[in-house]
Structures are given as structure tokens and as C-alpha cells.
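To start, the structure itself, in C-alpha cells.
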């Protein structure tokens, strides 16, 4: 519960943000968000049918399935957690039928498991499901979330008033000065006023060239519309993100949306590509399935230690970037990516075709590698394949991804 003085400060800050003052230029905290987030979000599996019992059950699966040990830490609540109206002090109110101990009580339980709690709001007047949004309430909402012990904020993009929409060309040609960016900048400034660091995700759906300014405002930003459990979404996310990977580094991550591993009819090969693509591009990885039903095969994918080590490398923040492999045809969905980690050079090869194909990786094509003899290591199995000179030829199944380390 916020103190009356904190409420007064929040309202004062909110009033200032709505004045004619210049838009805030506060930058996101670097106390959190250096590496892409690892965790879980309820929406893909449960939608609005979520509450304390479900969240705690999923959090306990982090422990029993070994996800916490693998590095997963955020347990994130999505839309529909609040009542439809704010209280008399202007604060959001958790729905007590869903959260009998309140969000603060839930946060304590999550923290006692050694995990972190995320919450959801919207940079509009309402959330996508019609609950209170935070536009014009940034200060009091940021203070409320911090007071509850929240560690992560997903900030959506629904119900934007007409006066907050963007022109075709932003002021001065800089999308950081667009109305979209300013809506998110207001929450950045509000979060910066809190003593509790909160990781900030801009769920802006790839709009307003967010990859150009996102790092000035948040720790990660959505590059796509909402995920679906379909191969077409996986390839669309890869294609949409690939041209903008130069924006990715420490504290700066293109978000390809929540994972669909364990949902729908994705094959195991497609789930491997889904996971490998998010990991090699250093997108946040937020699992989006009912963890109590996750198969052993799917669990092994999302716990792969070597691919997670690339994703979470504490010394190298850049992702794998697409490259042209000599002799390989150009495809509409890029298939060849390479990047460095503390362990060496990594190459990821995707087969977007409908049948198994033979691939020859030419070492001279790999950025920073060159010709020569290298040991090829399979990151999926954790085993060396063998030594090869100048190239490595292998068979790759339809919709699967080879994850290799060369040393």
C-alpha cells in the first residue's frame, strides 16, 4: 500500500508530465536489463483466465522443472489483472477475486522462490482488454508497481487517443520525438523516480521505428504483432527482426514476442528453430505455455545450456547476424547467421524449406572466421562432430536449425 505522501508525489509528477514542459529524456535504469529477459508470461496459455493460484503453480514449475537453475527468473502477469476502475486515489486496484493476497502478497511469494514478478499495463487510456491504461497516470502507476515489489513491466500499445497518434513523418525526422516514443518516455521517467529498478518492455509492435530509439527508453521493445503457434509466425519474426539486429546489445533487445513452444502444432524441429532464433537474436525469451503440460522434448529445447549461454553471455552483448554463405541460394527468410560468444564463433543454419536438404557451410563465408581447419561442435547435443577443413557438409531436416560452434 502506498503512503499518502507517495501518492501526492506521484500525482504531482503526473501533473508535471502533462504540462507543456518538454517531453522527458530520462533513460532506463542499468541496474537491470543488461541481458535479455528469461522467464514466462501467462497470456499465450491462459489469456485473462489467470490468478494467484495459476501464477504460483507456474512459478513452482520453474523450480521442479529446473528452469530456475537454467536461468529463467521472471514470472509475468499479463492483461486483466486489475479492476475496471481506479480507486478514489487514482490507483489501479488488483481484482481481489483473482489476487486474494494482492499483487504485493504475490510478489513476496514469488520473491521467496528466488524469482521475479512482472506486471502489465498500457501506454493508452485502456489496456487491450479494456482495463485501466497508464497514459496520463504514469507516475502513480510506476510508484504503485514499485511499491508492490514488481520487477518487470510489459507496456502495451492499445487505445491510443487520436491526439497521441503519429504523423507519417516524425518531428525533425527523428522517431524518438514521435508521439509514440513520448508516450513510452513518460513511463521511463516515472520508473526512474522509483527506488526499485524495474525492467521496462515496450510492447509497441514494431511501430514508429522503435529499433532506432528503444534503447533510450526501455530495455526491450516488441518488433512484431502478437505471436501465434504457427510456423508462419516464426519465419515472419525472423524476417522482420533480421535487418535490425545492429540495435541489439547490452541493455538493448529487440523483442520477438512470447514463445509458443508447447502450444499448437509446432513440430519439434519448428520448436528448435523458434528457440534458436530467439536465442541467437538475443530476444527476451518468455515461455508462453502451461508449464505443467510441457513435454520432455520441449523442456529439453528451452533448457539447452549451450544455446542459453550464447543468449546470456555476460561479456558479449551482440547477437548472431545474417551472412551470405558462398554457394547457398538467397531465400526470402534468411537462413545463415553467425555471432561470437565467450566460447567462440557460433553459426546457426535454418532450413525454411519443406524437405530435408544438404547444406555446406563454407568457413571463409563466416564473418571473422576465415578458411582453415576447425572443430565443429553441435550445441544441441553438446558434442563435437569432428574436424573439418574449409567447409562442413551436413543434412538438415525441414524447418529445423543447426546450432554449431566452431573452434
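Odds and ends about this structure:
- Number of residues in the stretch 301-330 that are farther than 25 Å from residue 267 by Cβ and part of a strand (DSSP E or B): the value is 1.
- Any chance residue 333 is surrounded by 13 or more Cβ atoms within 10 Å (Cβ to Cβ) and in a strand (DSSP E or B): no
- Residues satisfying the stated conditions in the stretch 223-246, i.e. part of a helix (DSSP H, G or I), under 22 Å from residue 154 (Cβ atoms) and free of Cβ contacts under 8 Å to residues at least 40 places away in the same chain: 233, 236, 240, 244
- Entry remark, the stretch 61-114: residues being within 23 Å of residue 143 (Cβ to Cβ), in contact with a strand residue (DSSP E or B) (Cβ under 8 Å, 6 or more places away or on another chain), crowded, with 20+ Cβ neighbours inside 10 Å and touching a residue at least 24 places away in the same chain (Cβ under 8 Å) number 13 in total.
- Residue pairs whose Cβ atoms lie under 6 Å apart, separated by 6 or more positions or on different chains, with the first residue in the stretch 267-292 and over 30 Å from residue 315 (Cβ atoms) and the second in a loop (DSSP other than H, G, I, E, B), are 269/397; 269/399; 269/400; 270/399; 289/262; 289/263.
- Some residue of the stretch 162-177 being under 23 Å from the mean Cα position of the chain (by Cα), surrounded by 16 or more Cβ atoms within 10 Å (Cβ to Cβ), more than 30 Å from residue 70 (Cα to Cα) and in contact (Cβ under 8 Å) with a residue 24 or more places away in the chain: yes
- Residues in the stretch 184-215 that are in contact with a helix residue (DSSP H, G or I) (Cβ under 6 Å, 6 or more places away or on another chain) and assigned to a helix (DSSP H, G or I): 7 in all.
- Residue 296 vs. criteria surrounded by 12 or more Cβ atoms within 10 Å (Cβ to Cβ) and outside the structural domain of residue 359 (by TED's automatic domain parsing): no
The values are calculated or read from the model by the stated rules, or taken from the named source; none is laboratory data. As the structure is a computational prediction, the values presented were derived from the model and not from experiment. Backbone-built Cβ (ideal geometry, glycine too); neighbour counts: all protein chains shown.
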